[in-house]
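The values are calculated or read from the model by the stated rules, or taken from the named source; none is laboratory data. Owing to the predicted nature of the structure, the values given are computational and were not obtained by experimental measurement. Glycine gets a Cβ as well: all are built from the backbone with ideal geometry, and neighbour counts include every protein chain shown. The accessibility values were calculated without ligands, DNA or RNA, using every heavy atom of the protein model including side chains. Shrake-Rupley method; radii C 1.70, N 1.55, O 1.52, S 1.80 Å.
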Amino acid sequence: MMGKARAQDAQFTASASTTTPAVNEPFQLRFTLENASDISGFQPPAFTGFSVLSQSQGSSMNITNGHVSQSVSIIYILQATAPGRYTLAGASARLDGKKVKSNPITITVSAGSASPSPSPFDPRPRPDERSRDVPGMVRKGENVRDKIRKNLYAKVEVDKKDVYVGEQLTATYKLYTRMPTSSKVTRVPAFSGFSAHDIDLPNPPQATIEQVDGVPFKVFTIRKTMLFPLQPGDLELDSVTVENVVHLYEVDRSRPRRDPLDDFFDDPFGKDPFDDSFFDDFFNQQGGSYHDYNYNIRSQPVSIHVKPLPEEGRPADFSGAVGNFTIQAGLNKSALSTDDAATLKITLKGSGNITLLNAPKIDLPADFDRYDPKISDQVNKNDNPLSGSRTFEYVFMPRTPGDYTIPAIRFSYFDPQEKAYKTATSQPFTLHVTQGKNRGRGTGADYALPDNVLQPIHSGKLAWSRRGAFWLTAPLYWILLALPLLVLLILLATRRRREKLQSDQVLLKNKRANKVARKRLSLAARFLAKDDSRAFYEEVSKALWGYLSHKLNIPFAELSRQKATDKLHEREIPPAITGQLFALFDNCEMALYAGMSGHEKMQETYNQAATLIGRLEEQLK
């Protein structure tokens with residue numbers, strides 16, 4: 001049973017582990033305060049008909065773009081003393097200065113045994129409980145690092161490790177914790193050798209509970225990405241790095257107090273250190289103190305075996321598509337004149353890496369003028385597997401009249417589920433073309449005379465002839481006479497400027513390098529002006545990888561960090577430049593997936609990218 005009270009964005013929630021306990025059966029009553037920066041004046045309800053066995057404080061954590069927000073839970077362990085129906089009024093507190101109440105809880109108590117029955121919420125230690133492991137507490141002599149290592153880690157899960165080139169797999173990066181922590185993602189995977197599409201996660205993300213060897217862990221999804229390998233071989237998924245500040249309660253045996261296990265009872269996530277005097281006064285913690293420990297974790301890399309696509313049965317028109325697709329084609333008109341244009345629209349729809357689909361081959365008649373297609377994508381980015389459609393629109397114009405047939409359009413792809421090549425086919429199209437008014441687009445036959453007919457011979461003066469020596473006084477004569485001299489002067493000036501530039505090789509290289517940099521980063525500059533950080537960082541990363549692909553003569557589909565490093569080393573590029581380049585790649589990835597923003601940071605990234613391209617242009621002759 002659960003309800004909520006709100007103060008602006010703050011939430012005050014009450015819940016019970018069960019609403020139908022038996023007499024003498026302990027159960028948990030939890031009050032949770034969320035999204036409040038200032039909490040004070042907590043007042044629990046009267047627990048009429050119940051004995052309070054314990055009271056404690058727990059914590060929860062939300063990860064948003066690498067930053068963690070926390071909420072606090074106030075926990076009671078209650079035990080009914082007699083059967084009946086009881087309504088516990090809501091607790092009250094001030095959240096961000098506004099007084100709110102939680103929902104009431106109705107508990108129906110049934111008759112039970114006279115002696116208390118064991119319960120996972122019973123805080124009173126049994127004989128074997130004194131030695132149990134409490135994640136949020138450190139006893140004297142315990143190894144803190146070892147304790148944290150067992151209760152806080154990151155891992156990556158993949159749905160498959162053996163795939164074909166172009167076949168989708170899904171990688172999920174998770175943070176597992178049983179401790180109160182503040183966490184920040186400091187390094188995200190680059191996915192070299194893959195085409196990557198991130199799945200949008202809830203904001204703020206919600207923790208789930210997973211059992212690991214019978215132990216409950218809170219689990220937060222850091223990143224979930226659909227990956228499409230671009231090359232065969234063994235590819236490695238990079239690690240994710242998370243910086244953590246772990247808040248642990250250290251027991252001080254030198255001060256008299258009851259056993260701190262009574263405060264932690266069975267809450268696997270320990271406590272949260274709030275400085276507000278409200279918590280100090282309410283829980284009256286004695287005999288111990290909280291300490292923060294910095295602890296960085298990395299997930300283990302995962303190796304993916306990528307198989308090449310089979311040669312057997314590969315269609316001649318296969319262009320690399322992997323997945324499951326259908327084809328739809330349509331012509332906007334079936335009759336037109338030689339003055340008109342028609343549009344052929346082809347849509348490929350299905351599941352796979354939609355944005356990398358190539359246009360199918362179209363056999364248009366030789367008498368048609370065809371233009372490059374307009375390409376548009378519609379991607380369902382949160383569908384897993386990735387699905388959507390890619391549309392190609394071809395505009396063409398016939399030059400001669402007649403009846404034409406556009407053959408059926410074929411699109412071949414590889415289906416990894418059935419491990420076989422398949423071909424989707426559209427219907428053929430017929431087109432009737434009539435002669436338009438503009439006969440200039442026709443062939444030479446349009447202007448031919450009948451057979452064996454000669455053109456008439458013109459006699460006398462032509463219409464454009466003129467008597468007299470007018471040309472000596474015509475302005476055009478003198479202009480034409482001076483034109484060669486003018487051209488000569490321009491050529492001499494150009495030559496002198498070129499010689500001057502060539503005499504200063506550094507200046508010449510810088511001019512060329514800066515021109516290349518401006519051209520490569522032109523689109524990024526537009527996004528910078530608009531303060532569109534995500535598009536900006538994507539374009540900077542794309543421009544840098546595209547530049548390396550072009551200058552190092554590595555096909556983009558085969559480009560990886562290792563190959564680029566090897567090629568740069570072969571070309572004797574200084575290690576300092578190479579290090580700065582890949583550091584910039586890491587910064588772009590971090591900005592995309594860890595929430596970095598700000599115009600000044602974007603301007604700094606743009607300047608670094610332009611400088612690096614310029615320096616590489618000077619070196620890569």
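Taking the criterion of being assigned to a strand (DSSP E or B), surrounded by fewer than 17 Cβ atoms within 10 Å (Cβ to Cβ) and polar (S, T, N, Q), the residues of the range 196-235 that qualify are Thr208, Gln211. Selection of the range 42-56 for residues being more than 16 Å from Ala89 (Cβ to Cβ) and either touching a residue at least 60 places away in the same chain (Cβ under 8 Å) or open to solvent by less than 20 Å² (accessible area, probe 1.4 Å) (or both) yields Leu53, Ser54, Gln55, Ser56. Residue check: Tyr176 meets all listed conditions (1) crowded, with 19+ Cβ neighbours inside 10 Å; (2) within 22 Å of Ile297 (Cα to Cα); (3) aromatic (Phe, Trp, Tyr) but one, namely (1). Residue pairs whose Cβ atoms lie under 8 Å apart, sitting 6 or more positions apart in sequence or on different chains, and linking a residue in the range 534-545 that is free of Cβ contacts under 8 Å to residues at least 40 places away in the same chain to a partner that is crowded, with 19+ Cβ neighbours inside 10 Å and of a type in the set (Gly, Ala, Ser), are Glu539/Ala524.
Of the residues making up the range 543-579, those that are open to solvent by 10 Å² or more (accessible area, probe 1.4 Å), within 16 Å of Arg520 (Cβ to Cβ) and part of a helix (DSSP H, G or I) number 6.
Of everything in the range 184-195, what is open to solvent by 30 Å² or more (accessible area, probe 1.4 Å) and not β-branched (Val, Ile, Thr)? Give them in sequence order. Of everything in the range 184-195, those that are open to solvent by 30 Å² or more (accessible area, probe 1.4 Å) and not β-branched (Val, Ile, Thr) turn out to be Lys184, Arg187, Ser192.
Conditions (1) within 28 Å of the chain's Cα centre (by Cα); (2) more than 26 Å from Asn294 (Cβ to Cβ), marked per residue:
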{"site": "Val138", "(1), (2)": "no, no"}
{"site": "Arg145", "(1), (2)": "no, no"}
{"site": "Val158", "(1), (2)": "yes, yes"}
{"site": "Val165", "(1), (2)": "yes, yes"}
{"site": "Gln168", "(1), (2)": "yes, yes"}
{"site": "Pro180", "(1), (2)": "yes, no"}
{"site": "Ala196", "(1), (2)": "yes, yes"}
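Restricting the first member to the range 403-422 and to residues that are free of Cβ contacts under 8 Å to residues at least 40 places away in the same chain and within 23 Å of Asp363 (Cα to Cα), and the second to residues that are open to solvent by less than 60 Å² (accessible area, probe 1.4 Å) and not in a strand (DSSP E or B), the beta-carbon pairs closer than 6 Å and six or more apart or on different chains are Tyr404/Pro365; Ala408/Ser426.
Across the range 335-350, which residue is nearest to Gln427 (Cα to Cα) among those that are open to solvent by 40 Å² or more (accessible area, probe 1.4 Å) and not in a loop (DSSP other than H, G, I, E, B)? Residue satisfying both the conditions and the ranking: Lys345.
Assigned to a helix (DSSP H, G or I), under 22 Å from Glu236 (Cβ atoms) and open to solvent by less than 30 Å² (accessible area, probe 1.4 Å) - does that describe any residue in the range 516-538? Talk me through it step by step, then tell me what you get.
Here is the first cut: in the range 516-538, the residues assigned to a helix (DSSP H, G or I) are 516-520, 522-530, 533-538.
If we keep only those that are under 22 Å from Glu236 (Cβ atoms) too, we end up with none.
No, because not a single residue in the range 516-538 is assigned to a helix (DSSP H, G or I), under 22 Å from Glu236 (Cβ atoms) and open to solvent by less than 30 Å² (accessible area, probe 1.4 Å).
Contact annotation: residue pairs with Cβ atoms under 7 Å, 6 or more positions apart or on different chains, pairing a residue in the range 163-192 that is touching a residue at least 24 places away in the same chain (Cβ under 8 Å) and more than 30 Å from Phe318 (Cβ to Cβ) with a partner that is assigned to a loop (DSSP other than H, G, I, E, B) and among the charged types (D, E, K, R), are Pro180/Lys271; Pro180/Asp272; Pro189/Asp238.
Counting only residues that are modelled with pLDDT under 70 and in a loop (DSSP other than H, G, I, E, B), the range 1-27 holds 3 of them.
For the range 351-364, enumerate the residues that are open to solvent by 20 Å² or more (accessible area, probe 1.4 Å) and either assigned to a strand (DSSP E or B) or touching a helix residue (DSSP H, G or I) at 6+ places or on another chain (Cβ under 7 Å) (or both). Before the answer, list the steps.
Initial filter on the range 351-364 (open to solvent by 20 Å² or more (accessible area, probe 1.4 Å)): 351, 355-356, 358-359, 361, 363-364.
Within the range 351-364, Ser351 is the sole residue that qualifies.
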